[in-house]
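Below: one structure, written as structure tokens.
Throughout, read-outs are computed from the coordinates displayed, never taken from laboratory work. Only a predicted model underlies this, so the values are computations on that prediction, with no experimental measurement involved. Ideal geometry is used to build each Cβ from the backbone, glycine not excepted, and the neighbour counts take in all protein chains shown.
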Amino acid sequence: MTTATISEEILQREQTELQEMILHLKKKLNAVIVAHNYQRPEVQDIADFIGDSLELARKCTQVEADVIVFCGVDFMAENAKILNPSRIVLLSEGRAFCPMAQMIDGDDLREWKERYPQAAVVCYVNTPAVVKAESDVCCTSANAVRVVETLPQEEILFVPDQHLAHFVAIKTKKRIIPYPGYCITHRRLKPEHILLAKQAHPEAPVLVHPECAAEVVEHADAVLSTSQMARYVKESSATTFLIGTEMGLLHRMQKENPHKLFYLLTPGLICPTMKRTTLRTIVDTMEKRQHEIDIPEAIRVRAKAALDRMLAAG
Ligand code: 13P
Ligand code: SF4
């Protein structure tokens, strides 16, 4: 047996042991495990439910188990707590935060609101609870255009993602004022990556996330949230796809479509903080009941109003 196969075998045995421990802890805590589409393959495989930000938020409103173990990043776990406050919500890794969500805080938003007092405030769910509390309505990448179209105001202050803001601006007739935040991961995707990949696979549809820059979005066949991409590849008659979002989604796509081929447009599409969660961190979190999400009630109630308006928009 080669050294490579021995270490693969050890790794596999270790993963199986950790998976068994997680199953045992799930029963002990009466917990459910939810995971975002960007999580590591072995984490997606032990989750009760995987999805995009919108699906996970909806799912968490229905959870009846005592504990929600959230495998994703901080704002997603906060959404779960905001929407279902009587449950204990544990974040799967203490340092799993979204860098984009940290580009704005409550003071920043209050200052921008003073500058544009007539504008409605739409905040991407990739924000801390305090920012949601200061907003009129939330949105995700799956429903941003629909949410903005439901608003009576013509002027929209859109925070914090400038690229999603630009995408909404070209899809609606509203005047969008973008806040200058961005995703550190999707920013790595450049038009030249698409042009090169298209040379090798001219027939393959290019799917990108709306967090990508405008000059990237221009070259895409479809601009979709992560779960919308998963649905698109299932329903499409194409057999090869070029994917412009975080690499974790390819595991789900490949699992659901074993006979189709998926290429990541650049290997740089990896979200470092999403990848901090491992089977080991999930075991530690559950054993020690740590990284519990706690949101002051006054903020939670206002943040929930913004999330509820989003969910009501469909
Ligand atoms: P989705 O809601 O499309 O899954 O996106 C979440 C996210 O953080 C994208 O970077
Ligand atoms: Fe945040 Fe970008 Fe990572 Fe999504 S991919 S969690 S927006 S840093």
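Where Lys and Arg each count +1 and Asp and Glu each count -1, what net charge lies around ARG231 among other residues with Cβ under 12 Å from its Cβ?
Once all neighbours under 12 Å are counted, the net charge is -2.
Based on the alpha carbon coordinates of region 64-208, what radius of gyration and maximum Cα-Cα distance (Dmax) apply, in Å?
Both quantities, over Cα of region 64-208: 17.4, 53 Å.
In whole Hz, what ³J(HN,Hα) sequence does region 67-74 give by Karplus (6.51, -1.76, 1.60; θ = phi - 60°), x for Gly and Pro?
10, 10, 9, 9, 9, x, 10, 3
Calculate, in whole percent, how much of the Cα-Cα pair population of the chain lies beyond 32 Å.
29
At a 10 Å Cβ-Cβ cut-off, how would you order LYS81, LYS28, LYS275, LYS174, fewest neighbours first?
With the sparsest Cβ surroundings first, the list reads LYS28, LYS275, LYS174, LYS81.
How large is the Kirkwood hydrodynamic radius of region 166-314, counting all unique pairs of alpha carbons, in Å?
About 17.9 Å, per the Kirkwood formula over Cα pairs.
In the neighborhood of LYS113, defined by Cβ-to-Cβ distances under 15 Å, what is the net charge if each Lys or Arg adds +1 and each Asp or Glu adds -1?
Computed value for this residue: -4.
Which ordering of VAL73, VAL63 is given by a fewest-first count of other beta-carbon atoms within 10 Å?
Ordered by Cβ neighbours within 10 Å, fewest first: VAL63, VAL73.
Counting other beta carbons within 10 Å of each residue's own, what order do TYR116, TYR179, TYR124 fall into, fewest first?
TYR116, TYR179, TYR124
Measure up LYS171/LYS234; LYS234/LYS255; LYS26/LYS288; LYS81/LYS132; LYS59/LYS260; LYS190/LYS260 against 18 Å on the Cα-Cα distance and list the ones that go over.
Result: LYS171/LYS234; LYS59/LYS260; LYS190/LYS260 exceed 18 Å.
Which order do the peptides 36-47, 126-137, 250-261 take when ranked by the mean count of other beta-carbon atoms within 10 Å per residue, highest first?
126-137, 36-47, 250-261
Among THR185, HIS166, ALA142, which residue has its Cα furthest toward the positive end of the charge dipole of region 112-205, with +1 on Lys/Arg Cβ and -1 on Asp/Glu Cβ?
Value: THR185.
Quick query: amide H of LEU264 versus all other amide H atoms, modeled in the peptide plane; which residues come in under 5 Å with a sequence gap of 5 or more or a different chain?
Those lying under 5 Å, H to H, from LEU264 are ILE243.
Excluding residues on the same chain fewer than 8 positions from LYS198, give the aspartates and glutamates whose Cα lies under 18 Å from its Cα.
Within reach: GLU215, GLU218, ASP221.
Once you list every other residue whose beta carbon is under 13 Å from the beta carbon of THR61, what net charge do they have if Lys and Arg are +1 and Asp and Glu are -1?
+2
Which far-off residues, 5 or more places away or on another chain, put their amide H under 5 Å from the one on VAL137, with H placed in the peptide plane?
Long-range HN contacts for VAL137: VAL121, CYS123.
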